[in-house]
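Just below is one structure, and these are the notes that go with it.
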Amino acid sequence: MGSYFKAFHDEDWGLIALNPHLIEDDLVGTNYLNQLSRVLEEMNPKSMFGFIGFSMGGRIIYDFLNINKNIIKKVIAIAQIDPVIQSFNWDKNIISLLENRTILFASSTDQYRFGIITSALLSISSIPIEDIHGALPSKCLEQIIGFFRTQISNEKSF
């Protein structure tokens with residue numbers, strides 16, 4: 001995460017990293033959802049924000065937005081890095097509202113094809129990255145920063 005913190009700092013953006021597995025594994029995502037809720041409670045109500053989801057974090061973003069539909073208008077961008085999503089259980093309007101604000105990276109060589117499956121389920125195109133699942137975050141940072149810059153510029157032009 002160090003490179004992400006440095007890159008976001010260089011852009012004068014804040015970055016919060018959640019570690020819901022610190023104490024014990026949370027395969028359901030309850031700790032993620034609780035931590036995201038807490039972060040939003042502490043933020044300035046006028047703040048706009050984005051999400052970066054890696055692996056299971058990708059599903060949690062949509063779970064969180066499905067529960068908290070009122071914050072969708074505040075989401076600048078979503079970066080999904082080889083997200084693990086096995087089924088589509090969200091309001092389809094949420095996905096369509098966020099489609100143009102989402103960039104999705106998918107391993108083109110990992111045997112599990114998590115991002116490719118997610119791309120098909122969500123009907124959001126993906127950017128193929130050659131490497132195993134766990135190596136993708138280090139290969140996507142520059143494109144994520146560029147995508148966030150573009151989204152922020154677009155937001156300011158309205």
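Values computed for the structure shown
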item: Options LEU97, LEU122, LEU40, LEU104: the member that is modelled with pLDDT under 95 and surrounded by 18 or more Cβ atoms within 10 Å (Cβ to Cβ); result: LEU122
item: Where ALA77 falls short, out of the listed (1) closer than 28 Å to GLU130 by Cα; (2) touching a Ser or Thr at 6+ places or on another chain (Cβ under 8 Å); (3) free of Cβ contacts under 8 Å to residues at least 60 places away in the same chain; result: (3)
item: Residue in region 28-42 that is closer than 22 Å to HIS133 by Cα and in a loop (DSSP other than H, G, I, E, B) present; result: yes
item: Inter-residue pairs, beta-carbon under 9 Å, first under 21 Å from GLY146 (Cα atoms) and among the basic types (Lys, Arg) and in region 37-61, second part of a helix (DSSP H, G or I) and at pLDDT below 95, 6+ apart; result: none
item: Tally, over region 68-87, of residues that are in a loop (DSSP other than H, G, I, E, B) and either surrounded by 13 or more Cβ atoms within 10 Å (Cβ to Cβ) or touching a Leu at 6+ places or on another chain (Cβ under 7 Å) (or both); result: 5
item: Every residue from region 107-119 that is more than 16 Å from SER138 (Cα to Cα) and either touching a helix residue (DSSP H, G or I) at 6+ places or on another chain (Cβ under 8 Å) or crowded, with 23+ Cβ neighbours inside 10 Å (or both); result: TYR112, PHE114, THR118
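The values are calculated or read from the model by the stated rules, or taken from the named source; none is laboratory data. As the structure is a prediction and not an experimental result, all values here were calculated from the model. A quick note on method: Cβ atoms are made from the backbone with ideal geometry, for glycine too, and the neighbour counts reach across all protein chains shown.
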